[in-house]
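We did not get these values from a lab; they are worked out from the coordinates using the rules stated. Being a predicted model, the structure only gives us computed values, none of them experimental. FYI the Cβ positions are ideal-geometry reconstructions off the backbone, even for glycines, and counts take in every protein chain you see.
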Amino acid sequence: MNQRRRRIYEGKAKILYEGPEPGTVVVHFKDDATAFNAEKKAVIEGKGVLNNRISEFIFERLNDLGLPTHFVKRLNMREQLVREVEIIPLEVIVRNIAAGSMAKRLGIEEGTALPRSIIEFCYKNDELGDPLIAEEHITAFGWASPQEIDDIMAMTIRINDFMSGMFAAIGIKLVDFKIEFGRQYEGDLVRTILADEISPDSCRLWDMKTSEKMDKDRFRRDLGGLVEAYQEVARRLGILNENDQGKPSKPTLVKS
Ligand code: UDP
């Protein structure tokens, strides 16, 4: 790794470096896993490589649909080149099936299909533990404008429709997921684009037949087998060969 480039930010699961050109950033996916606002931590070898690949796959499909995202290209096993944005301080959560904090908060049994998809907003603030907020808070405190909220809602619905279908086609239920958006400045213009990542770290994915969890709940709930589950997601998406484990391997001699 080139150590001379400037580190812009280090988060829980990713590091951002200055990109090769102005307006670009390099995202490095770490193997670190955190849960419960970083109270629980571990290093899970191979996770970063898998999330980089899975997120690349999904963002590329979304770019193909004409949905604006920050993704430019994958650079290597752990890194991707993205457009620089100013992150809108919201975690946009989409729920198709009750699970996690919503099941708890509203006393709904996990696994109950919701009458329709529900979009929730949390204020992105680790110190406060990303509290659930209403649109009123977003506009009152100026975290995003009404136009930005409209754009975010419209894009979020498209992303959920696309991803639900994509996962259903490979026998996986998209229970819920979290996405983030950013502002891309182009001269006088500002546009809202999808940023961050979409991976089994930020989605709940259940096997349709067995209801087996194929996401970060394996870590949150001490179920084990996280890398194997992420590998299975990647394999079903067609992005891993049977013998490609998604783990960094030592250089091997290739006979000519
Ligand atoms: N999520 C996330 N980052 C967060 C909070 C939630 O990626 O900081 C994802 C989580 O993986 C799940 C969805 O958002 O797919 C809904 O999470 P929930 O509100 O149920 O919170 P949790 O139970 O994970 O605390």
> For ASP161 and ARG61 in one chain, what is 0.36 nm times their gap in residues minus the Cα-Cα distance, to one decimal in nm?
Replying inline: 34.7 nm
>> Given R₀ = 25 Å, what would the calculated FRET efficiency be for SER117 paired with ARG191, taking r from the Cβ atoms and rounding to 0.05?
In response: 0.55
> Between ARG7 and LEU223, what is the label-to-label distance in nm when each label sits 7 Å out along the Cα-to-Cβ direction?
Replying inline: 3.3
> Ordered by residue, what ³J(HN,Hα) values in Hz, to whole numbers, does the range 152-166 give under the Karplus form 6.51 cos²θ - 1.76 cosθ + 1.60, where θ = phi - 60° and Gly and Pro are x?
Replying inline: 4, 4, 4, 5, 4, 5, 5, 5, 5, 4, 5, 5, 4, x, 4
>> Assuming 0.36 nm per residue, please report the length gained on full extension of the stretch ARG105 to MET77 beyond their Cα-Cα distance.
In response: 6.2 nm
> Out of every Cα-Cα pair in the chain, what percent are more than 31 Å apart?
Replying inline: 23
> What residues have an amide H closer than 5 Å to that of ARG204, excluding those fewer than 5 places away on the same chain, when H is modeled at 1.01 Å from N in the peptide plane?
Replying inline: VAL175, ASP176, PHE177
> At 222 nm, what helix-only mean residue ellipticity would the chain give, in deg cm²/dmol to the nearest 500, using -39500 (n - 2.57) for each DSSP H run of four or more?
Replying inline: -8500 deg cm²/dmol
>> If I stretch the segment between ALA168 and ASP150 completely, what's the gain in nm (0.36 nm per residue apart, minus their alpha carbon distance), one decimal?
In response: 3.8 nm
> Which shape class, rounded, prolate or oblate, goes with the range 154-227 when its Cα gyration tensor gives a ≥ b ≥ c as root eigenvalues, a/c under 1.5 marks rounded, and past that a/b bigger than b/c marks prolate?
Replying inline: oblate
